[in-house]
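The values are calculated or read from the model by the stated rules, or taken from the named source; none is laboratory data. Predicted model only: the values in this text are computed from it and were never measured. With ideal geometry, Cβ positions are generated from the backbone for all residues, glycine too; neighbour counts draw on all protein chains shown. These accessible areas exclude ligands, DNA and RNA; they are computed on the full protein's heavy atoms, side chains included. Shrake-Rupley method; radii C 1.70, N 1.55, O 1.52, S 1.80 Å.
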There are 4 protein chains.
Amino acid sequence: MISVGIVGGTGYTGVELLRLLLRHPQAQVCVLTSRTEAGKRVADMFPSLRGHTDLEFSDLSLDLLKQCDVVFFATPHGVAMQHAEELIAAGTKVIDLAADFRLQDLAQFEKWYGMQHSCPTVLKDSVYGLSELNREKIKNAKVIGNPGCYPTTVQLGLAPLLKAQNQLINTQSIIVDAKSGVSGAGRKASLGMIYSENADNFKAYGVAGHRHHPEIVEALENISGQQGQFDQLIFVPHLVPMIRGMLSTIYVDLTEQGQQTDLQELYQNFYQNERFVDVMPANSSPETRSVRGANELRIALYRPQPNKLIILVAQDNLVKGAAGQAVQNMNLMFGFDEAAGLNGIGLLP
Amino acid sequence: MISVGIVGGTGYTGVELLRLLLRHPQAQVCVLTSRTEAGKRVADMFPSLRGHTDLEFSDLSLDLLKQCDVVFFATPHGVAMQHAEELIAAGTKVIDLAADFRLQDLAQFEKWYGMQHSCPTVLKDSVYGLSELNREKIKNAKVIGNPGCYPTTVQLGLAPLLKAQNQLINTQSIIVDAKSGVSGAGRKASLGMIYSENADNFKAYGVAGHRHHPEIVEALENISGQQGQFDQLIFVPHLVPMIRGMLSTIYVDLTEQGQQTDLQELYQNFYQNERFVDVMPANSSPETRSVRGANELRIALYRPQPNKLIILVAQDNLVKGAAGQAVQNMNLMFGFDEAAGLNGIGLLP
Amino acid sequence: MISVGIVGGTGYTGVELLRLLLRHPQAQVCVLTSRTEAGKRVADMFPSLRGHTDLEFSDLSLDLLKQCDVVFFATPHGVAMQHAEELIAAGTKVIDLAADFRLQDLAQFEKWYGMQHSCPTVLKDSVYGLSELNREKIKNAKVIGNPGCYPTTVQLGLAPLLKAQNQLINTQSIIVDAKSGVSGAGRKASLGMIYSENADNFKAYGVAGHRHHPEIVEALENISGQQGQFDQLIFVPHLVPMIRGMLSTIYVDLTEQGQQTDLQELYQNFYQNERFVDVMPANSSPETRSVRGANELRIALYRPQPNKLIILVAQDNLVKGAAGQAVQNMNLMFGFDEAAGLNGIGLLP
Amino acid sequence: MISVGIVGGTGYTGVELLRLLLRHPQAQVCVLTSRTEAGKRVADMFPSLRGHTDLEFSDLSLDLLKQCDVVFFATPHGVAMQHAEELIAAGTKVIDLAADFRLQDLAQFEKWYGMQHSCPTVLKDSVYGLSELNREKIKNAKVIGNPGCYPTTVQLGLAPLLKAQNQLINTQSIIVDAKSGVSGAGRKASLGMIYSENADNFKAYGVAGHRHHPEIVEALENISGQQGQFDQLIFVPHLVPMIRGMLSTIYVDLTEQGQQTDLQELYQNFYQNERFVDVMPANSSPETRSVRGANELRIALYRPQPNKLIILVAQDNLVKGAAGQAVQNMNLMFGFDEAAGLNGIGLLP
């Protein structure tokens, strides 16, 4: 049994971490901090937790956090990097659910997040926590940058193609048309997020630039080992009037070799041992509700033209796209069964 | 053609007033003010208005407003009462969609709205703008207090009983179980109002006390002419995960005389000449979507026990419960056809 | 480890039973039947189950079902009563999620369900499966009638009052204003249930008569031991545009003794050892999302007038109101921990 | 004042036609037919119409329909073509909202709609009713095939590019990622359409083939005058948990000439005189709610790469994508103001 700290448990990734960790067989949440809610019982803020925990928010105390085996940061961008160095010096592992340890390119981080990185050395040693692709590195990592929700779908959606020995696709014409539920925007008082502005409505947003775009590009470069090959990737996120769920529709041009490859088989083989990635049969349509609350990601392939591939990728943005993946990373880091605490079945309907 | 001013056009009642008034055959919106948005085109804030108006927000200028024939206040509580006196002195009529002119009881106003009333004299001469019940007074009014959304349903739901010659109901055991869409809470950045906190959820709120409660009581006293007879009325509002719409389920104990009355007939007769009140046939269930966007209110009656009456009342909280009723009042005040600008049919589905 | 059969796994209670039972530490689903889908993998119908089970639907075979320790009927009304006798003769316990074993009054059953009861003897020996109130009887039952969703909220909402030594309330003036998500109507092709007819809409339904009304009355009589004392109970269900969730707002008149009782304490004491019933502090408002997917029911009390009590009761209609309660009953029947397989935390947001 | 017949008024396009036509200054609905509902008042089926019409459904009688100046078919595919010839022989114009007169290619019609066309001669003389592009032909048409909802967005989204003198785009690499509210699937009892299957969910559908695909291809060929140039167009529709609204995200590769063109200006000029097409400023994001209930279509352009153009197109699928466009066509056919009866402002929120 390891002891766990959560910094910033008042947002949706925070409460989702609690939902998962309070049922984890080998982890115990010991510290829960909040700048604004110190002294309040978390179950008073999130009544779904009533009867499941007596945890109270405390002020962020590094002394307390250092006594944990691992600390999750479910905070705004820029918080984890202030404390990571001291925590790992004390032997405490760090999993950041914000962006502080996602981008190795410091200039891109500064450009998109509007702040300088405060611990580039720790960043360099940190590991990008996409469990399926970086499993071995994660096992030995001290600091994890947990992937963004959109980038998770794009990477797992494209990895089998990019990891193939041959060049199967044109990397410069990828289009990602992504759709997310509203919880992806977090839990904050914002006019644009209120119910009557979002219900019964659909729109694109961030078309002129979204923070997950550079993360996607850097991650795909790392997967493929090809620098500069994804500069023309198009990424258009949309907002869906639903709480949870994310679907990315990815359009890819196949090379000659790609056209001659059995791509369905390629994907099935690539993910055959992955418990959280489901390659659906041909002509399936992954629905976001099929993974609601579950640490799962479903993929389906279509070939509308001989040289075109459409990849549909569905996940719950708060689970496989955030808190679930973070717990999966923790399991790897501590040598637990990778599925410990993550075997819940999606809530359908 | 009269000239109209709107103070505070950045909320939902403001944009709804614009939707109705921009199509009104005898009114022209000339002034639109906002503390925070002066200089901005209203169509840039509400894209549904693109192509329909070039109006820009201006700072609140009494000089400009005095040139209008009528000024609507779609502002927070407490604004209209600061300017009403000066406006009516200049010959400009005032319709307040907030609570400044709803309660004649100054102590209740102070208790529930947390401020002292600044113009009790104007208040005394103001008229409570429930068109169907106060039509004649409204025609001659200079200042209108536009009713709250919940009180509109309760008054129109109970008026035929209270206006009857005989005592048909026990006025001390009325229960109002009311349900509203989220737009009733307005358009403001508030954590409790964001999409992910309200979608796929249902709850009661304000059970321990809601501002519309004293308004309901005072209004029912005025309708019935019976002071102190509604002190035990129970009012429990609930929040429905929908944008617009309100349904009040009203439970009433019938007296002996009430039990011997043909109540369906009573209601039909009472409202037979009302264009915006629809008494549905027995065994109907008014749906909020049947009045979506329309200045209509539908009523249906049930008799589950000989001495019990259930009254179902549905309206669009932003139309008959707010902006539509305000325009209806304006029509009365200026001698227009009461339905001018209000003949739109509900948007179903 | 017991072996479990499910008859009729194509509806929402069926898939919810699977979600819970596939994670149950002491139960294994061995048989799953469907009239219409025999031969189909259940995960092809409910993709949330992909990766979690290879179960296929089979035709309803009593021989197979008799080999199970317990069989759940997640079927339309009238199916379980055809097979219950043969199953219990073979030593197989039966839990019916439909209405066949809810009403002891045969005339009421025939009136409301339009069919004659085919095994009144079995019915007489069956137990009404409201675990908190009938725990001892359930432990020894062979056939369980799993309560309806609305009746569950009403019984648990009123039981502390009805079980008190003194007469705390007027049993003849109870009003239940209930609201349910759409999944309560099941999974069937019906015009009234389609998305565009229900989204962004609110209405009452079944006001002139609902099947759960006689169940509520009979159950309250059994709880209180007072026959004929609930004949004037008013029950008005409403349909909320959400998938899951149910809130009942119950209005009760207190007797003198009721007014002198500390009702908050009464409720807390009554439920202090119940793991699935949460009496919230004064002035709380139970939200349906706080129990989404969880086998929990939350209660809050209000006293708007000295002689009036309002009881708010929230649950997930598919869990504590159906499949979760059925598993809770199974746990009791087989001597398992009552919470086995039921410790999931609600999905919020 | 012309007399109007509507065949098949029980679906969503039917009730939407009624909402618009009952307020049309120069049209009167005289006949309303339904196979299944003859004798029923339409306001009993659609309570939003209560108080606005006494129309009853009648059996489909050609004698009655021939007395109308124009007949709208809001029926399933295959009905209008059975009656069009006889109606136009009697001097009655026909506007079909189904697909009978959309595709000139008979083989495609047969392939996608599973039936042979019964009146190819009438089809040849019919006009495709996209008002903005075929205005002059529509004015003189006797039979109109009203465009599909998706095709409307694609055509108006691409027309300025395709009508330009120079080749601005690569016509063989167009990708249309389209999203629709659920009402697009019509009003019918279908398991896949029920609330609990669609709410809080997002998915692609029809990826392997959708009936609107051949319509889009044929229509773009006609607009551009280039046969066979759109064979590789990709079209992926998705289902959004909202009632009304459609957004198409169109990805286009620009030619050298396209890259050197001011595309924002091109679009603004192309649509400068169109009352129902709104080219929004750069960096805008058209929201479906901005056109809810309105006969409007909004377009915004993005240039994520020098050689890439993204075109966002929003409309209400039931208005500009169906009934509103049909009325617009009627206005053109009878020489009315094109906006007659269509000046409603979108319902926001």
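Numbers below:
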| item | result |
| --- | --- |
| Residue selected from the range A:131-159 under the condition part of a helix (DSSP H, G or I), basic (K, R) and touching a residue at least 24 places away in the same chain (Cβ under 8 Å), by the criterion most open to solvent (accessible area, probe 1.4 Å) | A:K139 |
| Which numbered condition C:F46 misses (of (1) open to solvent by 10 Å² or more (accessible area, probe 1.4 Å); (2) without any contact (Cβ under 8 Å) to a residue 60 or more places away in the chain) | (1) |
| So B:G5, is it surrounded by fewer than 20 Cβ atoms within 10 Å (Cβ to Cβ) and at pLDDT 95 or above | no |
| Qualifying residues in the range D:160-186 (those that are of a type in the set (G, A, S) and outside any strand (DSSP E or B)) - the one nearest to the chain's Cα centre (by Cα) | D:G184 |
| Scan of the range C:138-163 for residues that are more than 14 Å from C:A219 (Cα to Cα) and among the charged types (D, E, K, R), ordered by number | C:K139, C:K142 |
| First in the range A:196-208 and within 7 Å of chain D (Cβ to nearest Cβ), second anywhere and small (G, A, S) and open to solvent by 10 Å² or more (accessible area, probe 1.4 Å), Cβ under 7 Å, 6 or more apart | A:K203/D:S285; A:A204/D:S285; A:Y205/D:S285; A:V207/D:S285 |
| Boolean, D:E215 is within 19 Å of the chain's Cα centre (by Cα), outside the structural domain of D:Q108 (by TED's automatic domain parsing) and surrounded by fewer than 23 Cβ atoms within 10 Å (Cβ to Cβ) | no |
| Scope the range D:317-337; condition assigned to a loop (DSSP other than H, G, I, E, B) and open to solvent by 10 Å² or more (accessible area, probe 1.4 Å); matching residues | D:F334, D:G335, D:F336, D:D337 |
| Candidates A:L318, A:L220, A:L263 - the one that is in contact with a strand residue (DSSP E or B) (Cβ under 9 Å, 6 or more places away or on another chain) and among the hydrophobic types (A, V, I, L, M, F, W, C) | A:L263 |
| Any hit, the range C:318-333, residues being under 16 Å from the mean Cα position of the chain (by Cα) and of a type in the set (K, R) | yes |
| Residue check for D:A189: touching a Phe, Trp or Tyr at 6+ places or on another chain (Cβ under 9 Å), open to solvent by 10 Å² or more (accessible area, probe 1.4 Å) and either at the interface with chain A (Cβ under 9 Å from one of its Cβ atoms) or part of a loop (DSSP other than H, G, I, E, B) (or both) | no |
| Yes/no for C:Y302 being farther than 27 Å from C:V127 by Cα and either in a strand (DSSP E or B) or of a type in the set (F, W, Y) (or both) | yes |
| Residues being open to solvent by less than 20 Å² (accessible area, probe 1.4 Å) and part of a loop (DSSP other than H, G, I, E, B) - total across the range B:270-280 | 3 |
| Single residue of the range C:234-269 satisfying the filter (open to solvent by less than 60 Å² (accessible area, probe 1.4 Å) and in a loop (DSSP other than H, G, I, E, B)) that is farthest from the other protein chains (Cβ to nearest Cβ) | C:T261 |
| Residue within the range D:281-299 that is modelled with pLDDT of 95 or more, farther than 27 Å from B:I243 by Cβ and buried (at least 19 other Cβ atoms within 10 Å of the Cβ) present | no |
| Top-ranked residue of the range B:74-92 - restricted to ones that are of a type outside the set (A, V, I, L, M, F, W, C) and open to solvent by 10 Å² or more (accessible area, probe 1.4 Å), ranked as nearest to D:S284 (Cα to Cα) | B:T75 |
| Any hit, the range C:104-125, residues being in contact with a Phe, Trp or Tyr (Cβ under 7 Å, 6 or more places away or on another chain) and crowded, with 24+ Cβ neighbours inside 10 Å | no |
| Breaking point among (1) within 28 Å of A:V277 (Cα to Cα); (2) of a type in the set (D, E, K, R); (3) away from chain D (no Cβ under 14 Å), for A:K111 | (1) |
| Verdict on D:Y128 being open to solvent by less than 20 Å² (accessible area, probe 1.4 Å) and among the hydroxyl-bearing types (S, T, Y) | no |
| Scan of the range A:49-73 for residues that are open to solvent by less than 20 Å² (accessible area, probe 1.4 Å) and within 14 Å of another protein chain (Cβ to nearest Cβ), ordered by number | A:L49, A:T53 |
| Residue within the range D:25-37 that is under 23 Å from B:S290 (Cβ atoms), of a type in the set (D, E, K, R) and open to solvent by less than 70 Å² (accessible area, probe 1.4 Å) present | yes |
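Let's see how each residue does on (1) of a type in the set (F, W, Y); (2) surrounded by fewer than 23 Cβ atoms within 10 Å (Cβ to Cβ); (3) within 21 Å of D:E256 (Cα to Cα); (4) not assigned by TED's automatic domain parsing to the domain that holds D:G114:
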site: D:L162; (1), (2), (3), (4): no, yes, yes, yes
site: D:L168; (1), (2), (3), (4): no, no, yes, yes
site: D:A185; (1), (2), (3), (4): no, yes, no, yes
site: D:N201; (1), (2), (3), (4): no, no, no, yes
site: D:G209; (1), (2), (3), (4): no, yes, no, yes
site: D:S224; (1), (2), (3), (4): no, yes, yes, yes
site: D:G228; (1), (2), (3), (4): no, yes, no, yes
site: D:Q232; (1), (2), (3), (4): no, yes, yes, yes
